[in-house]
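In what follows, a structure is listed as structure tokens, so that the remarks can point back to it.
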Amino acid sequence: MTGYDALAEVYEWLISDVKLAPADFAASFADVLDLLPAEAHVLDCSCGTGQLAVGLAGLGLRVVATDASEAMVRRTAELSGEFGASVRTVRADWEELPGHFDDFTFDAVFCVGNSLHHAVGARGRVAALESMSRLLRRGGHLVLTSRTWELVRARGSRLDIGDRIVRRNGRDAVVVYRWEIAPRWEEEHHIEIAIAEVEAAGSVLVRSELLSCWPYRYDELEAELRRVGLRVETSTFDPEAENYTVVASKVQTAG
Ligand SMILES: C[S@@+](CC[C@H](N)C(=O)[O-])C[C@H]1O[C@@H](n2cnc3c(N)ncnc32)[C@H](O)[C@@H]1O
């Protein structure tokens, strides 16, 4: 249970406009997709509601989408059905992945959209990265996107209230994030997310979820990637920017 089962129903309000259309989401990774062979075998291992997986399948890649949340996996399967995309879906958390797939199966593994901070502490994060690394063929790519936690922590605990109504499928909502920043990096942090939907009759329906997360510094992440046999090829990390993308390649068998 990841805490995302309730959010799955209203997840479109949490994703940016550019990630809503599967083709656009996939196109945002054009640089790494250019490195892959035709019909590459790819895994999206925290697929959420499936926009990236469906977009990748639309490019002719062989796609598997996994997530720890049953509800997220169900939504990914539904989206695939809507788009007539061929995406295999499996409910699995990161550490369970080697039980589902052979080592060296994938040309690329995606773990995007602020997912990795849900791994429990440094130990959980390394275990998750190790699973991803094992499944990559030698030379295969791990694509990771992340918040810049250095910035998030510097701002401290706070409330972020969306300054506009977001429309999704003809329905309007305001999104509120409550950040609970613990005194020390290693401690469990929390993000409470509330989606207040303004219904046609004028009432407000609020759905919320308290998520646990364990932040990491960029330097730690780099060291952890090395530890599991991945070498950083490109990184957009900038301590002043909100998010970054890291592409790392498999150089040896993890472990
Ligand atoms: C912020 S969402 C990102 C979803 C999607 N990648 C995106 O970009 O929209 C984080 C996802 O990570 C999944 N997740 C959390 N803990 C996980 C775990 N231990 N193993 C696999 N997935 C996990 C959640 O269920 C959720 O779908």
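Bear in mind these aren't lab numbers, they're just calculated from the coordinates by the rules spelled out. None of these values were measured; they are calculated from a predicted model. As a convention, Cβ positions derive from the backbone with ideal geometry for all residues, glycine included, and neighbour counts pool all protein chains shown.
Under a Gaussian network description of the chain, with springs only between Cα atoms under 10 Å, the residue in 53, 182, 26 that fluctuates furthest is 182.
Summing Cβ point charges (Lys, Arg +1; Asp, Glu -1) relative to the Cα centre of region 127-255 gives a dipole of roughly 540 debye.
In the chain, Rg over Rh equals 0.96, where Rg is the alpha-carbon radius of gyration and Rh the Kirkwood radius from pairwise Cα distances. Classify region 22-142 as rounded, prolate or oblate from the Cα gyration tensor: take a ≥ b ≥ c as the square roots of its eigenvalues, call it rounded if a/c is under 1.5, otherwise prolate when a/b beats b/c and oblate if not. Oblate shape, in that a/c is at least 1.5 and b/c is the bigger or equal ratio. What the Kirkwood sum gives for region 150-213 is a hydrodynamic radius of 13.1 Å, with every pair of different alpha carbons counted. With contacts taken as Cα pairs under 8 Å at a separation of at least 6 residues, region 150-213 carries a relative contact order of 26 percent.
Got a sec? Which residues in region 57-73 would a label at residue 100 touch, if it sits 7 Å along Cα→Cβ and we count backbone N under 17 Å? Those under the cut-off are 57, 62-73.
Ordering 195, 116, 94 by Cα displacement along the dipole of the chain toward the positive end leaves 94 in first place; charges were set at the Cβ atoms of Lys, Arg (+1) and Asp, Glu (-1).
Given R0 = 35 Å, the distance between the Cβ atoms of residue 160 and residue 234 translates into a calculated FRET efficiency of 0.75.
For the chain, a Gaussian network of Cα nodes joined below 10 Å ranks 147, 62, 168 by mean-square fluctuation, and the top entry is 168. A Cβ-based charge dipole, computed about the Cα centre of the chain with Lys and Arg at +1 and Asp and Glu at -1, lands at about 260 debye.
Sorted on the mean count of surrounding Cβ atoms within 10 Å across their residues, most packed first, peptides 84-92, 5-13 read 5-13, 84-92.
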